[in-house]
């Protein structure tokens, strides 16, 4: 969390390769190089998750949460592919506990509210008096005492004067209260009103986050948690789980719209279904593209598959339209129409597929974690699917309409 003990530097490099070289050289060497400070090196990406791996434990007993967090951190620190394991409770912060003497305070006209206001004005962020508005922007007016020293000590708090309800009367704090040193948690997080503690971990460079998360889930499945403590997962796993239904829903709508466009175009359900079935041919090419290029399968990969579906359907329309024209208008059999359409439509299908695949080569060469997966899916999927289209689709068309040839032959013989 941003504060006086937090700083962030953004370093721009000349290329992605230079960024990776710098991270490889400095990340492990300087993470714990400086005393009382931790350096976290991170390459900016397009993930919405704050950390790659987050394990949340929730419950009402704070001590059980801390005990469970220590157990989890011990397990995660043993993993070779994880680093910088920590919690969001942070370290305990030093403070002061003011124990008010009610009898003496009431005699001098001082109550807890007045003590709190004086301490907030002197050692806190101040007391808000009112709010001014500059158009749509609120401006808080704060009352805060100006202090000339930055190293406050316990004796300074004891000697702080507190205003009384009696006009013009102020008393030192040590006269009405005792000040004791105290330690408090740096941050207590609640989710849905329940105390929650998150254990964070970063993944080493070159390690797949999804794979290491699956390994952690298998290991923690056998962990016995104290009574009243529950465990859930956040990080990139939660982000993907939230975004995946939306993507799948959009993909289903796209397939549904494409199907109705095909039905409107062909005026035949069977030919529309055959064209839609050809979409499955692109999955092998997309999978090989991800495997060969070694990129992660993410959101942009799914977008690449959607684009690939459009390319496959377009090539299928090019072939089936010509086959239908040969069969219905020129009187060819289904086998002859399938053979000629595969032969004569091979060139336009090859040209359109080659143009589409060459257009995404810059995405692949950029090695961008956002665009490289999408380019790999489209490039390999288009080229590999093209081979399937000119071989499988003509055969499928002949198998679908060969019965029409038998009916036509019977009718000719009867004549």
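What to note about this one:
- Between residue 113 and residue 75, the simple label model (points 7 Å from Cα in the Cβ direction) yields a spacing of 5.0 nm.
- The range 243-288: C-alpha gyration tensor shape, a/c 1.5 cut-off, then a/b vs b/c: oblate
- Against the rule of thumb 2.2 N^0.38 Å, how large the Cα Rg of the range 341-409 comes out: 1.56
- Listed from fewest to most Cβ neighbours within 10 Å, the set 379, 34, 297 follows the order 34, 297, 379.
- Computed from Cα positions, the angle between helix 209-220 and the longest principal axis of the chain comes to roughly 60 degrees.
- Extending 7 Å from the Cα toward the beta-carbon at both residue 321 and residue 366 defines two label points whose distance is 3.2 nm.
- Here the Debye sum runs over all C-alpha atoms of the range 1-135 as equal scatterers in vacuum, and log10 of I(q)/I(0) at q = 0.09, 0.12, 0.19, 0.22 Å⁻¹ comes out as -0.56, -0.84, -1.26, -1.45.
- The residues 183, 398, when put in order of fewest to most other Cβ atoms within 10 Å, stand as 183, 398.
- Ellipsoid fit via the Cα gyration tensor, the range 96-181: semi-axes of 27, 17, 11 Å, each the root of five times an eigenvalue, largest first.
- Full-stretch length increase - residue 210, residue 146 - with 0.36 nm per residue and alpha-carbon distance subtracted: 17.9 nm
- Quotient of C-alpha Rg and 2.2 N^0.38 Å, computed over the range 155-226: 2.23
- Scattering profile of the range 265-316 at q = 0.14 Å⁻¹ [log10 I(q)/I(0), Debye over alpha-carbon scatterers]: -0.42
- Inter-label distance for residue 273 and residue 187, nm, one decimal - labels placed 7 Å from Cα along Cα-to-Cβ: 5.6 nm
- If a spin label sat at a point 7 angstrom from the Cα of residue 314 along the line to its beta carbon, the backbone N atoms of the range 350-382 nearer than 14 Å would be those of 350-360, 378-379, 382.
- Over the range 1-43: Kirkwood hydrodynamic radius from C-alpha pairwise inverse distances, Å: 11.7 Å
- Ordered by the count of other Cβ atoms within 10 Å of each Cβ, fewest first, 26, 6, 397 give 6, 26, 397.
- Taking the helices alone, the chain has a mean residue ellipticity at 222 nm of -18000 deg cm²/dmol, built from -39,500 (n - 2.57) per DSSP H run of at least 4 residues and averaged over all its residues.
- Residues residue 159 and residue 218, FRET efficiency given R0 of 56 Å [Cβ-Cβ distance, rounded to 0.05]: 0.45
- Largest to smallest principal axis extent of the C-alpha atoms in the chain, angstrom: 123, 48, 46
- Taken along its three principal axes, the alpha carbon spread of the range 241-414 comes to 66, 32, 21 Å, from the longest extent down to the shortest.
- Helix 112-123 vs. the chain, principal-axis angle (Cα, 0 to 90°, nearest 10): 70 degrees
- FRET efficiency for the pair residue 125 and residue 49, taken as 1/(1 + (r/R0)^6) with r the Cβ-Cβ distance and R0 = 35 Å, rounds to 0.70.
- Note on the chain: GNM, Cα springs under 10 Å; of 165, 312, 229, the largest mean-square fluctuation is that of 165.
- Shape of the range 82-133, Cα gyration tensor, a/c cut at 1.5: oblate
- For the chain, the relative contact order works out to 18 percent when only alpha carbon pairs closer than 8 Å and six or more residues apart are counted.
- Shape call, the range 142-272: gyration tensor on alpha carbons, a/c limit 1.5: prolate
Rule-based calculations on the coordinates, nothing more; no lab input. Keep in mind the model is a prediction, meaning the values are calculated, not measured. Quick reminder, even Gly has a Cβ in these numbers, built from the backbone with ideal geometry, and neighbours come from all protein chains shown.
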